[in-house]
Each structure stands twice: as structure tokens, then as C-alpha cells.
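One structure is given below, encoded as C-alpha cells.
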Amino acid sequence: MGIPSGDDKVLGESIVQNTVLPTAMRVIRLHELPTFLGVRKSQISEAIRAGLLHPFTVIPGGRSKVVTEAEVISLQQRAIAEAAAAAEAANAEAAKPVPIEVKPATPAPVGRKRKPATAERALTA
């Protein structure tokens, strides 16, 4: 029970209803990312160096590194967007008419003439 206000609302209840309670973020361990994302460990290291992933320890002084699920989702969405843009560019390039170069016909290669086979050559071969 809170203090009644002028518009028939209880002040204590309205404060509690408008407050957002903190929720725990899901995390993924760093050594599980290769199977989760389908990439190699070296590619994950490159993403960390590029600043796309920010690993941290859950327990201070702990050795296990984790990343948030939200970071992984944003990384996946970025990769999907880049792949879609590359595919769209490739489709636009493929849709352009390619001029066909007409080359003059080249004469057929002239084969050398063979000498007629003789009985002497057939026996020596």
C-alpha cells in the first residue's frame, strides 16, 4: 500500500510497475564459438582483434572467456548483410549484357603429308 495521489493511483505501485528489472545476458564460451558459428579459431581471433567480439571473464580472476549472445547475433547479422550485398552486386554484374567479340575464322591447321607406306618400311618398323 502506497500513498494515494490525486488521480487515484498509489504512488508506490506506479514506481514498481514502470521499473525495468535487470535480466541476465546469455553468454557463449569462447572455445564453443567455432562450432556455434562454423568458423575456425583463427577467424574468431581476427574478429576479436578487429573489435567485433569483446570476450570477458564471468568470474573475476577466472580463466574462462565468454562473449555475449547479443554480440554473436550482431556478428552473424553483419555477415549475412555483407553476403547479401555481395550476392546482389554479383547478380547486377551478371545481368549486364556482355559484348560478344567476333573473331575472324582461322584456317584449319595444315597437317603434314605422310609418305605412302611401303613394304620395306612396314618390315623394319
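The values are calculated or read from the model by the stated rules, or taken from the named source; none is laboratory data. Predicted model, so just to flag it, every value in this text is computed and none were measured. When we count neighbours, we look across all protein chains shown, and the Cβ atoms used for this are built from the backbone with ideal geometry, even at glycine.
Looking at (1) at pLDDT 90 or above; (2) closer than 15 Å to Val72 by Cα; (3) more than 14 Å from the chain's Cα centre (by Cα), which is the only condition Thr57 fails?
It is condition (2) that Thr57 fails.
Only residues in segment 61-74 that are free of Cβ contacts under 8 Å to residues at least 60 places away in the same chain count as the first member; pair them with residues that are polar (S, T, N, Q) and not in a loop (DSSP other than H, G, I, E, B), Cβ under 9 angstrom, at least 6 apart or cross-chain, and list the lot.
Cβ pairs passing all conditions: Arg63/Thr57; Ser64/Thr57; Lys65/Thr57; Val66/Thr57.
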